[in-house]
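One structure is given below, encoded as C-alpha cells.
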Amino acid sequence: MQNIDRLLPILTGQPVIPVVAVDTADEGVNLARALAAGGLRAIEVTMRTPAALDAIAAIVADVPDAICGAGTILNPDHYKAAVKAGSKFIVSPGATVELLDTARDSEIPFLPGSATPSELLAMMQEGYEILKFFPAEQSGGLAYLKALAPVLQGLKFCPTGGVSPDNAKDYLALPNVICVGGSWVAPKALIKAGRWDEITALAANAAGMGA
C-alpha cells in the first residue's frame, strides 16, 4: 500500500521537493532549516553519502518545521534503516518486489519510480496512484508525461532528474504532475560555503512556482 493519506499532504504542500545529499548531520540540519525558512518544509535526503542516516535523524530531532524523507532507497535494508532514522516518506528510483513488500508492511509512505507503460500499469495494479518519474528529462520529459495523461488518468507524478528552474513550471502545468523534485534549490557549493540565506532565497523562489 502507498499510504496515500500520508503521502498526498507532503507532495501537495509545496511545488518543489528538494533532493539533497549531505556530508554531515550538521549540514543536513542547517540545510533543512534554510529550506524550511524559504517555504520548502519537505526535503528528500538521498542515501548517497555515509552521513545520510545520521542527517535524517538529526533533522527529525532538531528541525521540527521540516518533513524529512529519504531518497535513493535501493533495497529493503535501506528502507528499514531510513524508517528507523525517522524518515516521514521513502523515495526510490524504481520498484522491486522486495521494496513493494517492505512498503506494504510499513506505515511510512512510499514514492517509487516508474517510467515505462508496463511499469506504470504494474504499479497501478499494486494500488499506487502517485509515482516518481525518473530520470524525467532523459525518459521523454514533458512530451512523454503529456502523452501519458489521457491514457493513464489515475496516475500522478513527481518528475525528478533534469528538472530545473527553466522547465519546472512547465512540468507543474501538466495535469498529471503533482510536484517536481530538484537539487537546484540546494547547490553543493552553497552548502559547503554555509551560505544558508542564499539557499533560503532559492527555496522561496521555488515555493512560489506553484502559484
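Values quoted throughout were computed directly from the atomic coordinates according to the rules given, and no laboratory measurement underlies them. Treat the numbers as computed from the prediction; the structure is a model and nothing was measured.
The figures follow:
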item	result
Reachable aspartates and glutamates, given that their alpha-carbon falls under 18 Å from the alpha-carbon of residue 156 and they are not under 8 places away in the same chain	5, 119, 126, 129, 137, 170
Flagged links, alpha-carbon separation over 30 Å, of 146/192; 84/192; 88/169; 80/146; 84/169; 84/146	146/192; 80/146; 84/169; 84/146
GNM flexibility winner over the chain from 186, 52, 173 (Cα, springs under 10 Å)	173
Distant-in-sequence amide H partners of residue 115 (H built 1.01 Å from N, under 5 Å)	120
Extended-chain gain in nm, criterion 0.36 nm per residue less alpha-carbon gap, residue 75 and residue 23	16.6 nm
Amide hydrogen neighbours beyond the local backbone of residue 182, cut-off 5 Å, H modeled	17, 19
